[in-house]
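Below is one structure; the comments refer to it alone.
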Amino acid sequence: MLIIINMPRPKKHRHICCNPKANFFKPHGIPMCQLIKNKLNHDELETLRLADFEKLSHEEGAAQMKISRATFGRILEQARFIVADAIINGKAIQIELTNIMEEQNENCRCNR
């Protein structure tokens, strides 16, 4: 008898430039207890920073995070959906800080 177990691959540590200055964003005038929270993980935040803020290509962003271009694209697509959903539907955004290998190097431009 052959039993096949499909186990997901372990998550790789991503190479992240820096931590955000805040970990919650919410619509003005609505108490936090009344809001639905969209969770944005650190990988998603970093892809947004690299692609949309730093204006890097998917190839350049993926190389900086030490992940494949396809993975970078999938993470970025999910991050953009989370942010758009929060803005359009009046939800809070919570940034979760997990699975991080922070790097400080000459390419890090987040504290300018």
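Derivation of every value follows stated rules applied to the coordinates shown; laboratory data play no part. If you're wondering where the values come from, they're calculated on a predicted model, not measured in any experiment. Heads up, the Cβs are rebuilt from the backbone with ideal geometry, glycines too, and the neighbour counts pull from every protein chain shown.
Key figures
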quantity: ³J(HN,Hα), Karplus 6.51/-1.76/1.60, whole Hz, each residue of the range 36-50, x for Gly, Pro; calculated: 7, 9, 8, 9, 10, 7, 5, 4, 5, 4, 5, 5, 4, 4, 5
quantity: Long-range HN-HN contacts of Leu40 with modeled amide H, under 5 Å; calculated: Gln94, Ile95, Glu96
quantity: Loop trypsin sites (Lys or Arg not before Pro), the range 48-102, which have at most 13 other Cβ atoms in a 10 Å radius of their Cβ (DSSP); calculated: Lys55, Lys66
quantity: Extension gain from Glu59 to Phe81, taking 0.36 nm per residue of separation minus the Cα-Cα distance; calculated: 5.9 nm
quantity: Pair Gln34, Asn89: separation of 7 Å Cα→Cβ label points (nm); calculated: 1.8 nm
